Amino acid sequence: MRCLVNDIISSCMEKNKEVDVIDRYLRMKHHIEMDRQSIISRIKAVKHNYNFK
């Protein structure tokens, strides 16, 4: 599940999506409930691991 979320967040970041859009996409398309702080933490991790600027 973690890799799926990371890949989704990575894809959304490449398209310059906001946190709210990522949250809505996770909930509506994949039925994944995450709080905003968890998404922000995951974005930071993805930026570090995937070498985003």
task = Output the residues belonging to the stretch 1-15 that are in a helix (DSSP H, G or I) and open to solvent by 50 Å² or more (accessible area, probe 1.4 Å).
result = 2, 3, 4, 7, 14
remark   = Flagged in the stretch 16-53 as part of a helix (DSSP H, G or I), open to solvent by 100 Å² or more (accessible area, probe 1.4 Å) and either under 17 Å from residue 4 (Cβ atoms) or hydroxyl-bearing (Ser, Thr, Tyr) (or both), in numbering order, are 24, 28, 29, 49
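The values are calculated or read from the model by the stated rules, or taken from the named source; none is laboratory data. Note that the structure is a prediction, hence the values are computed from the model and not measured. Neighbour counts run over all protein chains shown; Cβ positions are idealised from the backbone, glycine included. To get the accessible areas, we keep the full protein, side chains included, count just its heavy atoms, and leave off ligands, DNA and RNA. Shrake-Rupley method; radii C 1.70, N 1.55, O 1.52, S 1.80 Å.
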